[in-house]
Amino acid sequence: MSEPNRQITARDRLEASDALGPRVVAARVDGRVVDLHTPLAEGAREVAPVDVDDPAALPLIRHSSAHVMADAVQRLFPGTKVAFGPATDQGFYYDYDRPGGSFTEEDLRAIEEKMLEIIEADRPFRREEVTREQAREILQALDEPYKLEHLERLEPPISVYRHGDWVDLCEGPHVPSTGFLKAVKLTSVAGAYWRGDERNPMLQRIYGTAFASPKALRAHLKQLEEAKKRDHRKLGKELELIAFHPLSPASPFFLPRGAAVYNRLVEYIRDLYVQHGYQEVITPQIFDQSLFVTSGHLPGYAENMFMAATAEDMERAAERFAGQSAEALGDKSREGWATELSGTLRFGIKPMNCPSHCLMFGMSHHSYRDLPMRLADFGRLHRFERSGVVQGLTRVRTFAQDDAHIFCTLDQVQGEITAFLDLVYRVYQDFGFEDIRLVLATRPDDRLGGDDVWDRAERALEDAIRAKQLPYEIAEGEGAFYGPKIELHLKDAIGRSWQLATIQADFNLPERFELSYVGEDNHAHRPVMLHRAILGSVERFFGVLTEHVGGAFPTWLAPEQVAVLTVSEKFNAYAEEVVALCASRGLRAVANTSSDKLGAKIRAARLMRVPYLAIVGGREVEGRGLSLRSRDEDKDLGFMPLDEVVARLENEALPPSSRTR
RNA sequence: GCUGGCGUAGCUCAAUUGGCAGAGCACCUGUUUUGUAAACAGGCGGCUGUGGGUUCGAGUCCCACCGCCAGCUCCA
């Protein structure tokens, strides 16, 4: 049947081996996913079908959906130019330059309808390999300036894809035809810079998502709903944990219930410090600017720093400007003014703890015998984050880290990393995070220090990971300019990934602060500094943990561990007695002594996710006990004598790794 | 910071084309004294984010600012 000079395609091969069912969207040729209709490369051996619901098909479905969307958009809004339109983890998007401006919700609906028409028409996707000149002609005819710009950056082979009469510069692969798109939904519209650079013009990005089947799409939308329910901003408000006020934007208030959890987190880490040879310190909030010049935060980090102006500074500024002629003042550029003004400020508010720890280390002489010196600090940090980037507790302007800096010799680095990893795994296990990914970020192009030092530092980090026999990935060139780092990424209960813990080696700050210790050889040596945090920022961790547990904090962290609910006001005195007993044993208990019915009290306590409910009525008073109901087991545990209840709670009030049973 | 959306009682949300600012929950008072997810009645509660404008009249339309949300860029 085949034409004489037609090349063999994956479709031909699959047909020949009777493997081409209606559900096949592409082929895996020697491990690479390609279109069914694309001629096979010379020497292609293994050709296997890719089914619609194969995970490898998803990017094709989504990328093809992006093409169909762009087609629909250009039909509905002539003159709109297209930029990039890739598949993503969550779906796909396409960037547009629309003369009339942005897209509305109604536009999205209209585009979706037009997409359905294109999908129903079942147009085949066709790939064509073209020369740069041919591609240029096609794109010029279409008047697509963004595509033309992109074309010049491409290396051959250059290909275009068509479905119907719509054509796009594209590498592929795609599904065989538009009819294979069974479940597509446009989700939102947002601005995005051309090539992701904020100096470039802003384009309109339309996001969508697509799946192999409507069922899979529904499941995805359901999961988004679930995520919304767990959002720490929503739960934080509902559970009276945190609040925000416009007068201090991006700065959380921890309400009594939230502060209880927050303090528990800090207390927990603090207990570990005692066991792991850390010394906690307390350092100032505000420093003379020159500290940050020494550390390099000024001018490097200046736009993220809050500066503190005093009345004296204001007077000094007034004096300085008063002494200048009108012409001199008028001549000054905006930058000139900013420099002039910042020159009159004396103090800056710390955005990180490291500079003050360097100061502290430098205050006295140290012997090699003092090392490693581990200085921990829960100091409050302030960073001015741009208004658009702040978010709930995960990106704030004031926060504390479970921060520590370890001053040690290069030889001690590996041991310190090993100990740190042990600690991190223990902590994450206590919080119920199980899916942890290790990433080693290595030397960036722009870096400080010689290759020999980097070699040793990277090897120390890698050896430590290997010694623990942990799987890890390497992120080439992703390290900080002052040293390599290990990042720990964890997945929460709904599959989102967070980078919280990190440990990084720093050769820069000890140099800048001229830190030294006296070695065995009686000579001065430069220590290595390790920056490390387990929770990261306590605020961010709080947010991630809240979502991970869906607001149901385990007993050892819960703001209230047990709610004592009276059946009637007759039993209030006994309830108060129980609360006092719990308090005397360090347990957090509250009594609900209102005139509500028991059912209402149970409902209220359950809504607040209290781990244990203790019912108090005639039977309990008589037997000197409580009827306990467990949130996590979701059942009535029945009557228990007081001492048994207290013993149970006392055990659960400890972090899992500290429990005796 | 940029693009787009949103801002009504402590919370969740109503209010027709511009035409008297409302409900439920919470809170307070009273009645009820309760046994495993919401007893009943009454009451309090508003500069509709802020400031300007258009209009006989603005929660609603326009402008500016503040804040929040989704992205982009940047990050613990």
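Restricting to segment A:32-71, name every residue that is of a type in the set (D, E, K, R) and either touching a helix residue (DSSP H, G or I) at 6+ places or on another chain (Cβ under 8 Å) or in a helix (DSSP H, G or I) (or both).
A:35, A:51, A:53, A:62, A:71
Can you tell me which residue in segment A:606-661 is surrounded by the most Cβ atoms within 10 Å (Cβ to Cβ), limited to those that are of a type in the set (Gly, Ala, Ser) and within 14 Å of RNA strand B (Cβ to nearest atom)?
A:614
Could you list, in sequence order, all residues of segment A:303-318 that are out of contact with any helix residue (DSSP H, G or I) (no Cβ under 8 Å at 6 or more places or on another chain), closer than 17 Å to residue A:290 by Cβ and not in a loop (DSSP other than H, G, I, E, B)?
Across segment A:303-318, the qualifying residues are A:308, A:312.
Within segment A:98-118, which residues are in a helix (DSSP H, G or I), within 16 Å of RNA strand B (Cβ to nearest atom) and of a type in the set (Val, Ile, Thr)?
A:111 - this is the single residue of segment A:98-118 that is in a helix (DSSP H, G or I), within 16 Å of RNA strand B (Cβ to nearest atom) and of a type in the set (Val, Ile, Thr).
Which condition from (1) within 21 Å of residue A:239 (Cβ to Cβ); (2) surrounded by fewer than 18 Cβ atoms within 10 Å (Cβ to Cβ) is the one that residue A:565 breaks?
(2)
Counting only residues that are over 42 Å from the mean Cα position of the chain (by Cα), within 30 Å of residue A:268 (Cβ to Cβ) and not in a strand (DSSP E or B), how many does segment A:606-643 have?
Final tally of qualifying residues: 2.
Going by what's in this entry, would residue A:159 be described as within 16 Å of RNA strand B (Cβ to nearest atom) and of a type in the set (Ser, Thr, Tyr)?
For residue A:159, the condition - within 16 Å of RNA strand B (Cβ to nearest atom) and of a type in the set (Ser, Thr, Tyr) - is not met.
Let's see how each residue does on (1) at pLDDT 95 or above; (2) surrounded by fewer than 22 Cβ atoms within 10 Å (Cβ to Cβ):
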position: A:479; (1), (2): no, no
position: A:490; (1), (2): no, yes
position: A:496; (1), (2): no, yes
position: A:508; (1), (2): no, yes
position: A:516; (1), (2): yes, yes
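Condition check: more than 24 Å from residue A:460 (Cβ to Cβ) and at pLDDT 95 or above. Does residue A:369 satisfy that?
No; evaluated as a whole, the condition is false for this residue.
Tally time: how many residues in segment A:221-244 are surrounded by 16 or more Cβ atoms within 10 Å (Cβ to Cβ) and either of a type in the set (A, V, I, L, M) or in contact with a Lys or Arg (Cβ under 9 Å, 6 or more places away or on another chain) (or both)?
5
Having 1 or more residues that are within 30 Å of residue A:32 (Cβ to Cβ) and within 9 Å of RNA strand B (Cβ to nearest atom) is the bar; report the strands (runs of 3 or more DSSP E) wholly within segment A:165-239 that clear it.
In segment A:165-239, A:183-193, A:202-211 are the strands (runs of 3 or more DSSP E) which contain 1 or more residues that are within 30 Å of residue A:32 (Cβ to Cβ) and within 9 Å of RNA strand B (Cβ to nearest atom).
Regarding segment A:252-274, can at least one residue be identified that is within 12 Å of RNA strand B (Cβ to nearest atom), of a type outside the set (Gly, Ala, Ser), crowded, with 19+ Cβ neighbours inside 10 Å and in a loop (DSSP other than H, G, I, E, B)?
Yes: one or more hits.
When you look at residue A:208, is it loosely packed, with under 15 Cβ neighbours inside 10 Å and at negative phi, yes or no? Break it down stepwise before answering.
Working: loosely packed, with under 15 Cβ neighbours inside 10 Å: no; at negative phi: yes.
No: the conditions fail for residue A:208.
Return the total of residues in segment A:572-605 being outside any loop (DSSP other than H, G, I, E, B) and either near RNA strand B (Cβ under 8 Å from one of its atoms) or under 18 Å from residue A:635 (Cα atoms) (or both).
Looking only at that region, the number is 8.
In the set A:460, A:464, A:501, which member is surrounded by 20 or more Cβ atoms within 10 Å (Cβ to Cβ) and under 21 Å from residue A:402 (Cα atoms)? Reasoning before the result, please.
On the way: A:460 fails: under 21 Å from residue A:402 (Cα atoms); A:464 fails: under 21 Å from residue A:402 (Cα atoms).
One residue alone meets the criteria, A:501.
I'm told residue A:43 meets every condition in (1) on the phi < 0 side of the Ramachandran plot; (2) free of Cβ contacts under 8 Å to residues at least 12 places away in the same chain except one. Can you identify the failing condition by its number?
Single failed check for residue A:43: (1).
Output the residue which, of all residues in segment A:644-660 that are in a loop (DSSP other than H, G, I, E, B) and in contact with a helix residue (DSSP H, G or I) (Cβ under 8 Å, 6 or more places away or on another chain), is farthest from residue A:265 (Cα to Cα).
A:660
Filter segment A:257-270 for residues that are out of contact with any helix residue (DSSP H, G or I) (no Cβ under 8 Å at 6 or more places or on another chain) and more than 15 Å from residue A:553 (Cα to Cα) and give the result. So that I can check it myself, show each step before the final result.
To start, the set of residues in segment A:257-270 that are out of contact with any helix residue (DSSP H, G or I) (no Cβ under 8 Å at 6 or more places or on another chain) comprises A:257, A:259-260, A:263-264, A:267, A:270.
If the condition is that a residue be out of contact with any helix residue (DSSP H, G or I) (no Cβ under 8 Å at 6 or more places or on another chain) and more than 15 Å from residue A:553 (Cα to Cα), then A:267, A:270 are the ones that fit.
Could you check segment A:308-328 and list, in sequence order, the residues that are loosely packed, with under 13 Cβ neighbours inside 10 Å and at pLDDT below 80?
Within segment A:308-328, A:322, A:323, A:325, A:326, A:327, A:328 qualify.
Which residues, taken from segment A:73-97, are touching a residue at least 24 places away in the same chain (Cβ under 8 Å), surrounded by fewer than 17 Cβ atoms within 10 Å (Cβ to Cβ) and within 14 Å of RNA strand B (Cβ to nearest atom)?
Correct list: A:88, A:90.
Search segment A:245-265 for residues that are over 19 Å from residue A:605 (Cβ atoms) and pair each with any residue that is of a type in the set (D, E, K, R) and part of a loop (DSSP other than H, G, I, E, B) when their beta-carbon atoms are under 9 Å apart and the residues are at least 6 apart or on different chains.
A:248/A:397; A:249/A:397; A:250/A:385; A:250/A:397; A:251/A:397
Select from segment A:574-597 the residues that are under 29 Å from residue A:229 (Cβ atoms), more than 42 Å from the chain's Cα centre (by Cα) and either crowded, with 16+ Cβ neighbours inside 10 Å or not charged (D, E, K, R) (or both) and list them in ascending order.
Across segment A:574-597, the qualifying residue is only A:594.
Looking only at residues in segment A:38-58 that are surrounded by fewer than 19 Cβ atoms within 10 Å (Cβ to Cβ) and in contact with a Ser or Thr (Cβ under 9 Å, 6 or more places away or on another chain), which one is nearest to residue A:220 (Cα to Cα)?
A:53
Within the bounds of segment A:207-218, is there any residue that is at pLDDT below 90, touching a strand residue (DSSP E or B) at 6+ places or on another chain (Cβ under 8 Å) and closer than 23 Å to residue A:55 by Cα? Give the steps one after another, and end with the answer.
Within segment A:207-218, the subset at pLDDT below 90 is none.
No, segment A:207-218 contains no residue that is at pLDDT below 90, touching a strand residue (DSSP E or B) at 6+ places or on another chain (Cβ under 8 Å) and closer than 23 Å to residue A:55 by Cα.
Of the residues A:184, A:175, only one is surrounded by 15 or more Cβ atoms within 10 Å (Cβ to Cβ), in contact with a Gly (Cβ under 7 Å, 6 or more places away or on another chain) and aliphatic (A, V, I, L, M); which?
A:184
Is there a residue being surrounded by 15 or more Cβ atoms within 10 Å (Cβ to Cβ), hydrophobic (A, V, I, L, M, F, W, C) and either in a loop (DSSP other than H, G, I, E, B) or more than 19 Å from the chain's Cα centre (by Cα) (or both) anywhere in segment A:442-450?
Yes, segment A:442-450 contains at least one residue that is surrounded by 15 or more Cβ atoms within 10 Å (Cβ to Cβ), hydrophobic (A, V, I, L, M, F, W, C) and either in a loop (DSSP other than H, G, I, E, B) or more than 19 Å from the chain's Cα centre (by Cα) (or both).
The values are calculated or read from the model by the stated rules, or taken from the named source; none is laboratory data. Everything quoted here is computed from the prediction, not taken from an experiment. All Cβ positions, even for glycine, are placed from backbone atoms using ideal geometry, and neighbour counts span all protein chains on display.
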